[in-house]
1. Kindly report the accessible area of the chain per residue (heavy atoms of protein chains, probe 1.4 Å, no ligands, DNA or RNA), in Å².
2. Please work out, to two decimal places, the log10 of the ratio I(q)/I(0) at q = 0.15, 0.20, 0.23, 0.27 Å⁻¹ from a Debye calculation in which every Cα of segment 130-198 carries one identical scatterer.
3. How large is log10 I(q)/I(0) at q = 0.12, 0.16 Å⁻¹ when the Debye formula is applied to the Cα atoms of segment 54-133, each weighted equally and without solvent?
4. Between 111, 144, 59, where does the largest GNM mean-square fluctuation fall for the chain, given springs only between Cα atoms within less than 10 Å?
5. Contact order normalised by length for the chain, with contacts defined as Cα pairs under 8 Å and 6 or more residues apart; what percent is it?
6. Over the chain, what lengths in whole Å, largest first, do the semi-axes of the equivalent ellipsoid take, defined as the square roots of 5 times the eigenvalues of the alpha-carbon gyration tensor?
7. What's the longest bit of the chain with no exposed chymotrypsin sites (Phe, Trp or Tyr not before Pro), using DSSP loop states and at most 15 other Cβ atoms within 10 Å as the test?
8. At q = 0.12 Å⁻¹, work out log10 I(q)/I(0) for segment 1-108 with the Debye formula, treating every Cα as an identical point scatterer and leaving solvent out; two decimals please.
Amino acid sequence: TSVLLREYMASLDKPEASLRSLRDALGDRGFGVLLFIFALPNLIPVNIPLLSAVLGAPLVLLAAQLTYGRHKPWFPHWLARQSVSRQNFEAVVQRALPYLERAEELLRPRLTVLLSWTGERLIGLALLVLTVVLALPIPFGNWLPAFAICIIGLAMVEKDGLAVLVGFAVGAFSLVVAGTVVIGLLRAFFLLLSSLAG
């Protein structure tokens, strides 16, 4: 993933980096890298309103396409032409690259049967659940799904089936946490209603 991002930055000949140009540069590895890129900002410990919802929509779209069996990501025209300045994009990538390269040292091709055509459909289905949860405004419920998506995205690029299983485990735990938070909020809401009614 780090190599692909470096090659993309080196190929930029415009002052802006668009989603379309990034998708085209990534080719058949686009799904994994784009999943990682869109999930990564949710790991930043800063409370940015609606961040998970804004970035969750493209993630849901990517997961749905992976489940359907598309070989390359597709975005509607209005989304594909969205861009950020080349300077800002490079600043973010350069800051993330050292951490990304350390993570990549742990990844290697193994259990590749999990990344076969059928395996990727199942991965897409699991990602679809995680991306929907990520897009929901659940307090403290976004970090773990985003982390799981980042792991799975990198695992797809590196063809590491073991890392996919780790991502699944983190994802399953994130669903338990999100469910617990939602149940707690509902109980608090009904308690409030009953106290007001009484």
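1. Values: 11240 Å² over 198 residues.
Solvent-accessible surface per residue comes out at 57 Å².
2. Each listed q corresponds, in turn, to -0.54, -0.76, -0.89, -1.05.
3. Log-scaled intensity ratios, in q order: -0.52, -0.89.
4. Judging by the Gaussian network model, the answer is 111.
5. Values: 243 pairs, mean separation 56.1, N = 198.
Here the relative contact order equals 28 percent.
6. Working: eigenvalues 191, 85, 49 Å².
The equivalent ellipsoid of the chain has semi-axes of 31, 21, 16 Å.
7. Working: sites that count: 74, 140.
Segment 1-73 is the longest.
8. For segment 1-108, the Cα-only Debye profile gives -0.42.
The values are calculated or read from the model by the stated rules, or taken from the named source; none is laboratory data. None of these values were measured; they are calculated from a predicted model. Reconstructed Cβ throughout: ideal geometry from the backbone, glycine too, with neighbour counts over all protein chains shown. Surface areas here come from the heavy atoms of the whole protein model, side chains and all, with no ligands, DNA or RNA. Shrake-Rupley method; radii C 1.70, N 1.55, O 1.52, S 1.80 Å.
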